[in-house]
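Down below is the structure, laid out as C-alpha cells.
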Amino acid sequence: MANHSATKKSVRKSAARNERNRYQGKTTRNAIRDFKVLDTKEVALKGLPELTSKIDKLAKRGIIHKNKAANLKSKLTRAAQSLEK
C-alpha cells in the first residue's frame, strides 16, 4: 500500500471500479445465459435489443473488447433467427 494520500484514493477508486465492472459483466453473462434457453423466436427477438444494449455498454466502457461484443451480438442474433416460431 502506498503512503501518498492521492495513491490511497486511487486504490480505493480502482477497487470500486473493479467491483462495478465485475457486477456489470456478470449481470450481462447471466442475461446471455438466460437468452440462450429461450425457445420461441418471438420472445427472443423481443429481448434481443435489450441484451445488445447491455453488451454495447460493456464494450463502450472497456469491460470487454469491441470485437468480442460484435461476435456475441452476431451469435445471439443468429441463434434468435434460427429458432422456430
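Values quoted throughout were computed directly from the atomic coordinates according to the rules given, and no laboratory measurement underlies them. Just so you know, these numbers come straight off a predicted model, no measurement behind them. Backbone-built Cβ (ideal geometry, glycine too); neighbour counts: all protein chains shown.
For ALA44, the stated conditions do not hold, so it cannot be described as aliphatic (A, V, I, L, M), assigned to a helix (DSSP H, G or I) and within 10 Å of the chain's Cα centre (by Cα).
Here GLY62 clears all of (1) exposed (fewer than 14 other Cβ atoms within 10 Å of the Cβ); (2) touching a residue at least 12 places away in the same chain (Cβ under 8 Å) except the condition numbered (2).
Of all residues in the stretch 57-67, those that are part of a helix (DSSP H, G or I) and out of contact with any Lys or Arg (no Cβ under 8 Å at 6 or more places or on another chain) total 5.
Here's the yes/no breakdown for (1) assigned to a loop (DSSP other than H, G, I, E, B); (2) touching a residue at least 40 places away in the same chain (Cβ under 8 Å); (3) at negative phi:
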| position | (1), (2), (3) |
| --- | --- |
| ASN3 | yes, no, yes |
| THR7 | no, no, yes |
| ALA15 | no, no, yes |
| GLY25 | no, no, yes |
| ALA31 | no, no, yes |
| PHE35 | no, yes, yes |
| LEU38 | yes, yes, yes |
| ALA69 | no, no, yes |
| ARG78 | no, no, yes |
